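Enquirer: Take a look at this one; I'll ask things after.
The values are calculated or read from the model by the stated rules, or taken from the named source; none is laboratory data. Not measured: the values here are computed from a predicted model. Every residue, glycine among them, receives a Cβ derived from its backbone with ideal geometry; neighbour counts consider all protein chains shown. Surface accessibility is based on the protein's heavy atoms, side chains included, excluding ligands, DNA and RNA. Shrake-Rupley method; radii C 1.70, N 1.55, O 1.52, S 1.80 Å.
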Amino acid sequence: MAVKGNILQSVLKQTTKIGGKHDSKTPIQLQQRTLKRLLRRAKDTKFGINYRFKKILSSDNSVITYQRFVPIHDYDSMYEKWWNKTVAGEEDVAWPGKINKFALSSGTSGSPSKQLPISRSLLRKIRRASLKQIQYLANYDFPKEFFDTYILGVGGSTTLTKVDKRKEGDLSGIINANLPNFMSVIYKPEKEITDMTDWDLKIEKMVEQAPNWNVGIIVGIPSWIQILLEKIIERYDLNTIHDLWPNFRVLVHGGVAFGPYKDNFEKLLEHPLEYMETYLASEGFMALSSGNGTPLKLLLNNGIFFEFIPFNEDNFNQDGELVSYPEVLTIENVEENTNYAIVISTCAGSWRYLIGDTVKFVSLDPFRIRITGRTKHFINVFGEELIIENTEKALQQV
């Protein structure tokens, strides 16, 4: 087996160890410990001092005290009081040290282009979750040829915009620019392509290089990947992408629901793929799928403390805005088949941060979720409570 195969096999062996020593902990214990670790790290920051993190840590119940002391924030409130200082270069604002990387995210409400802090701790947790997902490949009986293939990333530019002393860009570009060294052997495209900021030119260069790559795994947003595969098939007059990449077997996707794309996407294939979904937002890596169509498993031990607000008229008004005193639950109180707005506290200085997504638990053992929509993207004029999930189902049926 060639060098790439040896590296991928080595990664599979190493990632089986990730999280193993914590298997005896219950999900509730993992979340309680996660919150305490976050509070300890940030207790001497301006945010931690303002909201008395030391007092929270010394209390009998740190979760309840944390919820009592710290208000829920959206992007605008977090930015106006705290993150604007981080962006300006101040240290120890909402997370220890100086943060000089920011993911630009176009939100559905508030600021049209959000600057979300990406700390070194957060990048480590994203890398950790990504390696854990690679671990799941060991569950499949792939032929040995698969382990001598490349991982193809279809994402944003790794060229970040320098503004004063900080750098800004797409999250996927920031992640790809900070990959482990060994990934350069098994990852495509090369840096001269990932650095490109012109999307059309980048696609053109990837199409040109496609015959030189033996691709086994593709990672990215479904619409971007579909565009690339269609252009490759057209350029080289192929029946399917498997005429060029016979060992292509795994699609790791996220960013948008894959359901509406699936039928058209599979027309580009000769044989079925293993689909592995990710819930990776600019705020953190929150959940992942082990493949085989399994729902997203919430990552309870990866630097994020989760809270959940039932997405109903008692907690949100007609504009999707949070009421003054909402009902807020932690992991031990959630129920299946109920829509929740998700609130997170992270190792990048997001504290009780309402990210705008809604999720539904499809399993409580383990905790598996399905992303159902956005708090601002719903219709409830006549009590119909129409959310994105309902719309996507209707479109698929049509």
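Enquirer: Have a look at I126, I151, I99 and point out the one that is crowded, with 18+ Cβ neighbours inside 10 Å and part of a strand (DSSP E or B).
Expert: Values: I126 fails: part of a strand (DSSP E or B); I99 fails: part of a strand (DSSP E or B).
When all the criteria are applied, what remains is I151.
Enquirer: Considering only the stretch 307-316, I want to know if a residue exists there that is surrounded by 24 or more Cβ atoms within 10 Å (Cβ to Cβ), touching a helix residue (DSSP H, G or I) at 6+ places or on another chain (Cβ under 9 Å) and acidic (D, E).
Expert: yes
Enquirer: Pull out all pairs, ordered by first then second residue, where Cβ-Cβ is under 7 Å, the residues are six or more apart or on different chains, the first lies in the stretch 310-333 and is touching a residue at least 12 places away in the same chain (Cβ under 8 Å), and the second is surrounded by fewer than 12 Cβ atoms within 10 Å (Cβ to Cβ).
Expert: E327/D314
Enquirer: Looking at this structure, is K55 in a helix (DSSP H, G or I), surrounded by 15 or more Cβ atoms within 10 Å (Cβ to Cβ), at pLDDT 95 or above and over 21 Å from the mean Cα position of the chain (by Cα)?
Expert: Criteria not met by K55.
Enquirer: Just to verify a result, which residue in the stretch 157-205, among those that are free of Cβ contacts under 8 Å to residues at least 24 places away in the same chain and in contact with a helix residue (DSSP H, G or I) (Cβ under 7 Å, 6 or more places away or on another chain), is least open to solvent (accessible area, probe 1.4 Å)?
Expert: I193
Enquirer: Within the stretch 366-381, does at least one residue satisfy the condition of being open to solvent by less than 60 Å² (accessible area, probe 1.4 Å), modelled with pLDDT of 95 or more and touching an Asp or Glu at 6+ places or on another chain (Cβ under 7 Å)?
Expert: No: the stretch 366-381 contains no residue that is open to solvent by less than 60 Å² (accessible area, probe 1.4 Å), modelled with pLDDT of 95 or more and touching an Asp or Glu at 6+ places or on another chain (Cβ under 7 Å).
Enquirer: Examine the stretch 11-29 for a residue that is open to solvent by 70 Å² or more (accessible area, probe 1.4 Å) and at pLDDT 95 or above, and state whether such a residue exists.
Expert: Yes, the stretch 11-29 contains at least one residue that is open to solvent by 70 Å² or more (accessible area, probe 1.4 Å) and at pLDDT 95 or above.
Enquirer: Which pairs turn up if I take residues in the stretch 265-287 that are on the phi > 0 side of the Ramachandran plot and look for partners that are part of a loop (DSSP other than H, G, I, E, B) and surrounded by 19 or more Cβ atoms within 10 Å (Cβ to Cβ) with beta carbon separation below 9 Å, at least 6 apart in sequence or on another chain?
Expert: G284/L299; G284/N302; G284/G303; G284/C347; G284/A348; G284/S350
Enquirer: Would you mind listing the strands (runs of 3 or more DSSP E) fully within the stretch 161-266 where at least 1 residues are under 20 Å from the mean Cα position of the chain (by Cα)?
Expert: Numbers: elements: 161-163, 166-169, 215-220, 250-253.
Passing ranges, in order: 166-169, 215-220, 250-253.
Enquirer: Name the residue, out of S345, S350, that is modelled with pLDDT of 95 or more, closer than 20 Å to A129 by Cα and outside any loop (DSSP other than H, G, I, E, B).
Expert: On the way: S350 fails: outside any loop (DSSP other than H, G, I, E, B).
Just a single option satisfies the conditions, and that option is S345.
Enquirer: Let me confirm something: among S121, S113, S62, which residue is open to solvent by 40 Å² or more (accessible area, probe 1.4 Å) and either of a type outside the set (K, R) or closer than 30 Å to I227 by Cβ (or both)? Even if it seems obvious, please write down each step before you answer.
Expert: On the way: S121 fails: open to solvent by 40 Å² or more (accessible area, probe 1.4 Å); S62 fails: open to solvent by 40 Å² or more (accessible area, probe 1.4 Å).
Step by step, each of S121, S113, S62 is checked, and only S113 is open to solvent by 40 Å² or more (accessible area, probe 1.4 Å) and either of a type outside the set (K, R) or closer than 30 Å to I227 by Cβ (or both).
Enquirer: Within the stretch 318-326, can one find any residue that is within 30 Å of G216 (Cα to Cα), part of a loop (DSSP other than H, G, I, E, B) and open to solvent by 50 Å² or more (accessible area, probe 1.4 Å)? Steps first, answer last, please.
Expert: Step one: list which residues in the stretch 318-326 are within 30 Å of G216 (Cα to Cα), which gives none.
No, the stretch 318-326 contains no residue that is within 30 Å of G216 (Cα to Cα), part of a loop (DSSP other than H, G, I, E, B) and open to solvent by 50 Å² or more (accessible area, probe 1.4 Å).
Enquirer: State which residue is most open to solvent (accessible area, probe 1.4 Å) when the search covers only the stretch 328-354 and only residues that are among the charged types (D, E, K, R) and farther than 24 Å from K36 by Cβ. First the steps, then the outcome.
Expert: Of the stretch 328-354, the ones among the charged types (D, E, K, R) are 332, 335-336, 352.
Narrowing the set further to residues that are farther than 24 Å from K36 by Cβ leaves 335-336.
On the way: E335: 113, E336: 88 Å².
So the residue we want is E335.
Enquirer: Another question about this same structure. Name the single residue that is farthest from N333 (Cα to Cα) among those in the stretch 290-301 being open to solvent by 10 Å² or more (accessible area, probe 1.4 Å), in a loop (DSSP other than H, G, I, E, B) and not aliphatic (A, V, I, L, M).
Expert: The extreme case among them is N292.
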